[in-house]
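The values are calculated or read from the model by the stated rules, or taken from the named source; none is laboratory data. Quick caveat: nothing in here was measured; it's all calculated off a predicted structure. Quick reminder, even Gly has a Cβ in these numbers, built from the backbone with ideal geometry, and neighbours come from all protein chains shown.
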Amino acid sequence: MWWSRILAVIVAAGLLAACGFQPLYGGGKRGPAATELASIRIDPIADRNGQVLRNHLLDRLTPYGRPANPAYVLRITLTDSLSGIAVRKSEFPTRTSLRIAASYHLARADTGQSVFSASSAIEGGYNILNSEFATLAAEQDVRERVLREVAFDIEARLAAFFRLRQEQPAAQVTP
């Protein structure tokens, strides 16, 4: 029985190798994508949401500290919106949706030339409860989770950009 599992893993690895699959973070923390991500300076972002997002990005992109000589500068603009999605007959909302959108662009630190720009939008919801404190706590929790997901999305898109740029000449990479 155990040999069939081993055989399945070997076959799956062979199929992935045959299709040209390459891990995004090949080489681990010393790999090309991780090295490029660690060379990004993240500009301050306005408001409390911006502080939280920037802290998540610092943890994800530069876990060993800020770069001494950054090669890139990341600039981010955030917007958020709340909307009632479940409404009682009395027109009082019982569930709210929070949407946070981030527009960002990556520029070379030395020339200021833009090399990549994109946007990410993540949505989360929470219930409006009878207790104002509980509703506020639910909103803060969903806000934290949505900002963490925005940071994950930005990191993944930047890593994919660097990985594609490594495989192709710079003139062919389009965001």
Residue that is modelled with the highest pLDDT, among those in region 83-114 that are over 15 Å from Asp153 (Cα atoms) and in contact with a helix residue (DSSP H, G or I) (Cβ under 8 Å, 6 or more places away or on another chain) = Leu98
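Any residue in region 89-98 that is within 24 Å of Asp43 (Cα to Cα) and surrounded by 12 or more Cβ atoms within 10 Å (Cβ to Cβ)? Reasoning before the result, please.
At the first step, the residues of region 89-98 found to be within 24 Å of Asp43 (Cα to Cα) are none.
Scanning region 89-98 turns up no residue that is within 24 Å of Asp43 (Cα to Cα) and surrounded by 12 or more Cβ atoms within 10 Å (Cβ to Cβ).
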message = Take the conditions among the charged types (D, E, K, R), in contact with a helix residue (DSSP H, G or I) (Cβ under 8 Å, 6 or more places away or on another chain) and either at pLDDT 90 or above or more than 24 Å from Thr79 (Cβ to Cβ) (or both) and apply them to Glu132. Does it pass?
response = no
query = Among the numbered criteria (1) surrounded by 15 or more Cβ atoms within 10 Å (Cβ to Cβ); (2) modelled with pLDDT under 90, which single criterion is violated by Leu78?
reply = (2)
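Take Arg95 and tell me if it is touching a residue at least 12 places away in the same chain (Cβ under 8 Å), farther than 30 Å from Leu164 by Cβ and either among the basic types (Lys, Arg) or not in a loop (DSSP other than H, G, I, E, B) (or both).
Numbers: touching a residue at least 12 places away in the same chain (Cβ under 8 Å): yes; farther than 30 Å from Leu164 by Cβ: yes; either among the basic types (Lys, Arg) or not in a loop (DSSP other than H, G, I, E, B) (or both): yes.
Here the answer is yes, as Arg95 does meet what is asked.
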